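Trainee: If you scroll down you'll find the structure; I have some questions about it.
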Amino acid sequence: MFQHPNPIRVRLAVLTATVTVLTLAPIGVTAAQAQVTRVRQGSSADVSRAGWSGPAFTMNGSGGIITATMNKAIGAIRGGSGSIDVVVIAGSGSGTPECDVISGLSGVNSCTTLTLTAASDGNNSQVNTDVRNAEFVYFAGGDQCRYVAWKGTALEASVESVVAKGGGVGGGSAGHHVNSDIVYDACGGSATSDIALDDPYDSSLTFTTGMFRWPNYANTINDSHFVTRDRMGRLMAFVARAVQDGRSSGGRAWGVGVEEGASLFIDRNGLATLTGPSAYVVLGDHQPEVAAPGRPLTYANFKIWKLTTGQTYDFANRPTCGYYLKSVTNGVPSSSLYSGTPVTDCGTAPPGGGSGYPEREPNDSRAEANDVRALGYPLTITGDMKSGSDRDYFAVILASGQTLTVTCAVPGAYDADLYLLSSTGSTLARSTNDGAGADESASTSRTASGSATYYVDLEAYSGSGGTDYSCALARS
């Protein structure tokens, strides 16, 4: 959550015989000018293990640790044995309130608090070493505009490496915001629901995309302190903007609003379980009727799922019923936004159908291909061309007699070409339509007996950018 003035975080470090405290400055900076503060609690040596059993995620509506979901994440990553190292990242303040809680939990070897005060701190070598050696990274509350400044630094890739090895990530308040696919960054100030509904293009509604894309969590926008600060209206505006501006793929966006004191634990299969008062998932699945600078929002039939403690939401196979409907007309929302009568007819296909998978870098070769062989079909894969030489590979499987058809919607920021490859890398089909934003489609069939791995390869031809492509994969 963004606030003016910047919040003062009161952090009281509790020092025991098992606590090691280090305060350090970046290389070449004197202690008086230190930008990074490092405090380690617990063992001074990192644990070492061949593999971990995550990923696992915690999404908290306020800044503090919720021990119930933190314990779930620790247990899921450990897989029933050993212990993990945790890193807490903060953008301001002093002290160690998160690690003071985490260090006392079973299965924790160490907890290190890193306070980073400048964008360049994302390239600090000690910071990145700590993060890469950890199995869970927690983003503290504060100001998410500071956090998105680390996009493109080494820290971004270091956090992604924790998830890739089977670790986990979490955050509260501002740290909750930064963990969604589309981040409300609040770099233009903090928006209220009234401001956002009156003009969804107000200068306070600013977004960052292309920072973190966690498995099963594509096309999401997080919000925090949700009911207490009456933020349903602004989350509706965030969702409408994401769809209108093409920040989400497939013409759909999901807002995830978590109340203070509540936390969503999301397991490796994309199933979210709520601990605490309430959380809401808000789906916008069509273009806004009216969303333009200087004009109030009009949007019919947002689909809203309300969760209370113990209830679940499946982000891998997003539900098609259980929601209630609310609308906004000329900037005025329906009454009683936080409750409604759920739709119980589950007979229709899920939004987008099948499964969804956002790319995970590195996937620039067949050896590093994202493995989507076990996912359900139809399958939608999303990602972007980060550079003019980017290649994204996905491993799929075809049985004898099956045909794979891939159709890619390419954004206007770049030209990308589609190739379907055999298990040995031979090109079986291609689509190389000219021009930025030109969509691509190709098919291939397996005539041999048995099953085999094939590869979907999307390659940048010209241009680059953080806007997602979306490829629909069908098997018949």
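Trainee: Cβ neighbours within 10 Å, averaged per peptide: list 302-310, 176-184, 48-56, 111-119 in order, most packed at the top.
Mentor: Working: 302-310: 18.4, 176-184: 28.1, 48-56: 16.4, 111-119: 22.6.
So the order, starting with the most tightly packed, is 176-184, 111-119, 302-310, 48-56.
Trainee: Going from the alpha-carbon gyration tensor of the stretch 293-333, what semi-axes, largest first and in whole Å, does one get by taking the root of 5 times each eigenvalue?
Mentor: Working from the Cα gyration tensor, I get semi-axes of 27, 11, 9 Å.
Trainee: To continue, here is another question. Can you give the relative contact order of the chain as a percent, counting alpha carbon pairs under 8 Å and 6+ residues apart?
Mentor: Across the chain, relative contact order equals 11 percent.
Trainee: Under 28 Å from the Cα of K326, which lysines turn up, not counting those fewer than eight places away in the same chain?
Mentor: The reachable lysines, counting only those whose Cα sits under 28 Å from K326, are K303, K306.
Trainee: Just need the relative contact order of the stretch 368-463 here, percent rounded to a whole number, with Cα pairs under 8 Å and 6+ apart.
Mentor: The value is 38 percent.
Trainee: Along the Cα→Cβ direction, 7 angstrom out, place labels at T407 and R430. What is the inter-label distance in nm?
Mentor: My value for the distance between the label points is 2.3 nm.
Trainee: Now, a different point. Return F136, F265 ranked ascending by Cβ neighbour count within 10 Å, so the fewest neighbours appear first.
Mentor: Taking fewest neighbouring Cβ atoms as first place, the list is F265, F136.
Trainee: Would you mind telling me the antiparallel percentage of the DSSP bridges in the chain, rounded to 5? Present the calculation step by step, with values, prior to reporting the outcome.
Mentor: On the way: 79 of 109 bridges.
Roughly 70 percent of the DSSP beta bridges within the chain come out antiparallel.
Trainee: With runs of 4+ DSSP H residues as the only contributors, calculate the mean residue ellipticity of the chain at 222 nm using -39,500 (n - 2.57) per run, divided by the residue total and rounded to the nearest 500.
Mentor: My calculation for the chain gives -4000 deg cm²/dmol from helical runs alone.
Trainee: Express the C-alpha Rg of the stretch 19-333 as a ratio against the empirical globular expectation 2.2 N^0.38 Å, rounded to two decimals.
Mentor: 0.98
Trainee: Compute for the stretch 58-188: radius of gyration divided by Kirkwood radius, i.e. Rg/Rh, restricted to C-alpha atoms, rounded to two decimals.
Mentor: 0.93
Trainee: Mind checking the dipole of the chain: about its Cα centre, +1 per Lys or Arg Cβ, -1 per Asp or Glu Cβ, Debye to the nearest 20?
Mentor: It comes to approximately 920 debye.
A short reminder: the numbers here are calculations on the coordinates, not readings from a lab. Bear in mind that the values here come from a model prediction, so they are computed numbers and not experimental data. We place every Cβ from the backbone using ideal geometry, glycine too, and count neighbours over all the protein chains shown.
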